[in-house]
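Some notes on the structure that comes next.
The values are calculated or read from the model by the stated rules, or taken from the named source; none is laboratory data. Owing to the predicted nature of the structure, the values given are computational and were not obtained by experimental measurement. Note that we place each Cβ from the backbone using ideal geometry, even for glycine, and neighbour counts take in every protein chain shown. Note: accessible area is taken over every heavy atom of the protein model, side chains too, but ligands, DNA and RNA are not part of it. Shrake-Rupley method; radii C 1.70, N 1.55, O 1.52, S 1.80 Å.
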There are 2 protein chains.
Amino acid sequence: MRFIYLDHAATTPTHPEVVEAMIPYIREKFGNPSSIYSIAKEIREAVETSRKQVADALGANPEEIIFTSGGTEADNHAIEGVLYGSPQGKDHIITTSIEHHAVLEVCHYMEKRGFKVTYLRVDGEGLVDPEEVRKSITPRTALVSVMHANNEIGTIQPIEEISKITREAGVYLHVDAVQTVGALDVDVNNLGVDLLSVSAHKLYGPKGIGCLYVRKGTKLDSFIHGGAQERKRRAGTENVPGIIGFGKAMELARLERKERAEHLLPLRDKLITGILERVPDSFLNGHPTLRLPNNVNVRFKYIEGESICLNLDFLGIAASTGSACSSESLEPSHVLLSIGVSPEEAHGSVRFTLGRDNSEEDIDYVLENLPVVVEKLRAMSPLYPGR
Amino acid sequence: MRFIYLDHAATTPTHPEVVEAMIPYIREKFGNPSSIYSIAKEIREAVETSRKQVADALGANPEEIIFTSGGTEADNHAIEGVLYGSPQGKDHIITTSIEHHAVLEVCHYMEKRGFKVTYLRVDGEGLVDPEEVRKSITPRTALVSVMHANNEIGTIQPIEEISKITREAGVYLHVDAVQTVGALDVDVNNLGVDLLSVSAHKLYGPKGIGCLYVRKGTKLDSFIHGGAQERKRRAGTENVPGIIGFGKAMELARLERKERAEHLLPLRDKLITGILERVPDSFLNGHPTLRLPNNVNVRFKYIEGESICLNLDFLGIAASTGSACSSESLEPSHVLLSIGVSPEEAHGSVRFTLGRDNSEEDIDYVLENLPVVVEKLRAMSPLYPGR
């Protein structure tokens, strides 16, 4: 049977060159990079080469990269590290209502620890208004955390405008760039960010590794305490194979970014236009143009997104109703509710996220089958007026 | 040239069966286990099989296993999670002066956050006195954290006796078992622990993965917040290849433990006896019998352990002066100072930790070369009276 993977926002297949780069470090190059003998030296150097590959892809310096176990740890580290590292009285953070749970849940937790959080609203297409950021900053504000692009609806935020405001106010800016590194030109200096989270497995790298970019001079407490690894900023024996794979994936992302975007954009637009034309009562969630080049998120009235996904799965199409991280939850997506979608229609949404292996034939196959699936499900739905 | 790896306490070569188990999950089985379509289901099941393998090796239930990025994260989670999860007024933790930095540094950090820490002394062989634990418990005590065996000197603590005391007092017991799982029979019920940290790469598994065992009913805050993974106890996309490799490594550890210990013990004792006999002014650090089956730690008067290691490295022998995690530090080992070794002699110590691939010939080679290295270095040492 045909298999079409359209859930690249959840995770990506590991790039063959990444796999090949990693395998020697799983098999025979097993030394601990912090040890003093010669086999460790070679491994330490390989880790530093990876750090440079990661830094180069972000326009950063290698010393500004802290390897973490992934994007979630990077988000936790940025928020807890800044809040705990701030002077007394700096106890306020500003974020948005559509952040990934890796930011929102840390914020909720820090509220329990006595910190204050402002959750900014977004407009109907998921955009944050930079003026709202400006208005929310108080003398107590330590950090603003706004994601670069949303993982569900793909809306890209005006980070450059927000960073002008945070810099003027002397407040740190953290950006969760888990969805954008490899998809957009993510340059920490152009964006003007102080902290930025990256996850390898979202950009054809391995799971279990990512990084936090920390601009030189940023005051940040450690998050995982212990040994002296990562210049005492992140303890624990380095995940060497993961780091090697991540470095390679970042190098490939830098070299292939334009080509990937040029490949994805027409496929994305073909899929959006095709669905909206062929399926009545379907609507695009998120912004029509300020949007990730691989993200399609559509709501279908009268039916459940989960039923659509299960039916597509039978046809060999892997798509999702939203974030994999909250797939076990029965709650409607907090992102869709935030942009004003009703709980019923939020449940009727499906996300298709494209990747480098997808072809025009894949899109044709979806456009051929999806309308049939929707029609079949609607025919069974008590909510459907045409029934 | 000959290559003899004698630093298994720092990290171990990945077992060939572990490598083979992991590779399909790096190459083609890339799906996100939290997704709803069929390729994700298979991966989710593989993760749960690993969880069972890990639980079985510890005598635990699978629901009691939280996968972490390694032993350090597990230690951080246990300590911060218990302290933050405890009711108001329970703000005291008891630990020992010879814990790994992954415990000590968290304790130091929590002191900055307002918590109180008691650091118990140990005797000249590195043993904690359970009576000291009993005496230190107050109504404010939330947690006792004592390592199962020390990573530098190999001393095995009387955990069963300590757990009787903590249970009686209604205080949680956390044990860092990073050095013992795979080497000793680590059964959470026999030991009577509430929380236990494990690291895969210390037992022929991959780097970047480990777990925290949490006894059912233990009150523990999350440490990394975000998505609903690990029953909402540890957020972040699962490190699937790491988890698969860890599961396999734990299964092998369970099946091969006796055989490994029978292989290692005579080699360890041959090395200890051989060094002490052949090298004058050399002394064993740690306990002669309550000792990890693979640990040899010897201090050589008048010279530096680091010079010995570098000279051994030229001869193809990889050994270390102590913990790789603090190899960049110029401070003498806190463990050796705690057992009463002088700073000079602490600097003169070398740790040899054996593994399943070591042979009697390896030991003979060390015993042939080490005395020559020590003699050569002493001949150059201004401290050496025989010079």
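Tabulated values for the structure
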{"item": "Contour minus Cα-Cα distance for A:D185 and A:K232 (0.36 nm per residue)", "result": "13.9 nm"}
{"item": "Largest-first principal axis extents, alpha carbons of the stretch B:1-65, Å", "result": "52, 32, 16"}
{"item": "For B:K270, label point 7 Å along C-beta direction: distances to other copies, nm", "result": "6.8"}
{"item": "Sparse-neighbourhood loop sites, trypsin sites (Lys or Arg not before Pro) in the stretch A:1-89 - DSSP loop, at most 14 other Cβ within 10 angstrom", "result": "A:R2"}
{"item": "Accessible surface buried once A binds B (1.4 Å probe; total of both sides; Å²)", "result": "5400 Å²"}
{"item": "For the stretch B:16-253: relative contact order, % (alpha-carbon pairs under 8 angstrom, 6 or more apart)", "result": "29 percent"}
{"item": "Farthest toward positive dipole pole in the stretch B:89-151 [+1 Lys/Arg, -1 Asp/Glu at C-beta], among B:H148, B:A102, B:H92", "result": "B:H92"}
{"item": "In Å², nearest 10: area of A:H347 left accessible to a 1.4 Å probe", "result": "70 Å²"}
{"item": "Ratio of Rg to Rh over chain A (Cα coordinates, Kirkwood Rh, two decimals)", "result": "0.99"}
{"item": "Accessible area (Å², 1.4 Å probe, nearest 10) - A:K301", "result": "60 Å²"}
{"item": "Helical mean residue ellipticity (222 nm; -39500 (n - 2.57) per DSSP H run of 4+; nearest 500) of chain B", "result": "-13500 deg cm²/dmol"}
{"item": "Orientation-averaged projected area, Cα convex hull of the protein assembly as shown (nm²)", "result": "32.9 nm²"}
{"item": "Other copies of B:E20: label-to-label distances in nm, shortest first, labels 7 Å along the beta-carbon direction", "result": "2.4"}
{"item": "Highest-fluctuation residue, A:T321, A:T289, A:T95 considered, GNM on chain A with Cα pairs under 10 Å", "result": "A:T289"}
{"item": "Rotational relation A to B, axis-closest Cβ in chain A, residue and distance rounded to whole Å", "result": "A:S69, 2"}
{"item": "Rounded accessible area of A:H108 (nearest 10 Å², 1.4 Å probe)", "result": "80 Å²"}
{"item": "Largest to smallest accessible area among A:F3, A:F30 [probe 1.4 Å]", "result": "A:F3, A:F30"}
{"item": "Efficiency of FRET between A:E111 and B:L255 - r from beta-carbon atoms, R0 41 angstrom, step 0.05", "result": "0.30"}
{"item": "Axial C-alpha extent at least 30 Å, average Kyte-Doolittle at least -0.5 - helices from chain A (DSSP)", "result": "A:38-58, A:240-278, A:360-380"}
